[in-house]
1. Tally Lys/Arg at +1 and Asp/Glu at -1 over every other residue whose Cβ is under 11 Å from the Cβ of Leu222; what's the total?
2. Within the range 97-111, find all residues whose amide N lies under 12 Å from a label point positioned 7 Å from the Cα of Asp65 along Cα-to-beta-carbon.
3. By the scheme Lys and Arg +1, Asp and Glu -1, what is the net charge of all other residues having a beta-carbon under 11 Å from that of Glu286?
4. Which of Thr116, Thr235, Thr90 moves most in a GNM of the chain, Cα contacts under 10 Å?
5. I'd like the FRET efficiency for Asp44 and Lys220, computed as 1/(1 + (r/R0)^6) with the beta carbon distance as r and R0 of 25 Å, rounded to 0.05.
6. Along its principal axes, what span do the Cα atoms of the chain show, with the longest given first and each in whole Å?
7. Label 7 Å along Cα→Cβ of Glu286; the range 224-249 residues with amide nitrogen under 18 Å?
8. Could you look at the range 90-147 and say what percent of its accessible area is carbon and sulfur, using a 1.4 Å probe and all protein chains?
Amino acid sequence: MKLAALALATLLVVPAAARARDDGYVREIESWRAKREEGLRAPDGWLSVVGLHWLREGTSTLGSDKASDIVLPLPAPPRVGVLEMSKGRTKVEVRPGVTVLSQGKPVTELELHPDTGGHPDVLAVGPVSMYVIERGGRYALRVKDPESPRRRSFKGLEWYPVREGYRVTARFVPYDPPRPIPIANVLGMVEPMPSPGHVVFTINGREVQLDPVLEEPGAKELFFIFRDATAGKETYPAGRFLYSDMPKDGRVVLDFNKAYSPPCAFTTFATCPLPPKQNRLDVRIEAGEKRPAER
């Protein structure tokens with residue numbers, strides 16, 4: 001009797017412990033997903049992007065006046081000032097009487113450092129903000145407005161159910177030295193990005209591999225740009241993004257429950273990278289973020 005009771009207790013306890021682990025994992029993923037959506041909905045998130053204006057050599061007028069070279073959304077003044085572009089350097093000259101802030105302080109003239117180093121100089125004209133980006137040697141002004149129609153009408157993200165089976169441990173095969181991989185973006189520009197190696201793993205009974213890239217020198221994460229057989233149906237047609245920790249003991253943990261859509265899924269004013277050929281998989285990965293319902 002005692003042995004039977006012990007066996008029954010074991011059967012009851014083990015599933016309960018497993019359920020606790022599962023519940024903890026689901027809560028972890030749901031918390032991550034909530035933060036992902038919070039970032040999108042932020043006043044300066046991707047839903048607020050309302051313009052991307054490619055800059056030419058010389059001067060460009062700036063303001064809400066429709067005759068401006070770069071038209072800003074209201075309530076920006078009709079004439080804010082001019083941008084002067086010369087040999088890759090951009091300077092703003094503010095019209096007298098107009099308030100433009102940078103880091104909370106009024107400016108009348110300022111060189112605008114682009115996002116190349118990750119920290120561009122941001123200008124604010126009331127609620128409207130803007131900064132210079134660099135892509136493939138070209139420069140553009142990205143404009144954000146927290147009152148954008150896209151942000152106001154956003155109804156939330158859709159996700160596949162959390163499944164721990166889509167958290168896989170992959171074998172990491174290093175490249176020595178790291179290989180430059182040509183990465184195209186939605187504008188047709190191609191730039192090489194370093195890949196430290198590839199990962200090999202089995203998913204849905206298929207062995208596949210992906211090449212991650214490093215976004216910047218000293219990167220602390222691997223960046224995967226991939227497309228799978230759900231693309232264009234349940235998920236964003238161009239593909240999705242996924243980050244992982246750096247390899248440890250020759251292994252990389254990929255959690256596809258955290259795979260998400262690129263910014264281009266939410267705005268036409270993004271310059272998203274596209275999956276390289278080797279990262280276009282013919283297997284379905286039914287995990288992570290689905291394509292936005294609004295687009």
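The values are calculated or read from the model by the stated rules, or taken from the named source; none is laboratory data. The model shown is predicted, which means the values in this text are computed figures rather than measured ones. Positions of Cβ are backbone-derived with ideal geometry, glycine not excepted, and every protein chain shown enters the neighbour counts. Note: areas computed on protein heavy atoms with side chains; ligands, DNA, RNA excluded. Shrake-Rupley method; radii C 1.70, N 1.55, O 1.52, S 1.80 Å.
1. Working: positive: Lys220; negative: Asp211, Glu215, Glu221, Asp245.
Summing Lys/Arg as +1 and Asp/Glu as -1 gives -3.
2. The answer is none.
3. After counting each charged neighbour, the total is +2.
4. Thr116
5. According to the calculation, E is roughly 0.60.
6. 92, 42, 34 Å, listed from the longest principal axis down.
7. From the range 224-249, the list is 228-236.
8. Answer for the range 90-147 is 49 percent, counting heavy atoms of protein chains only.
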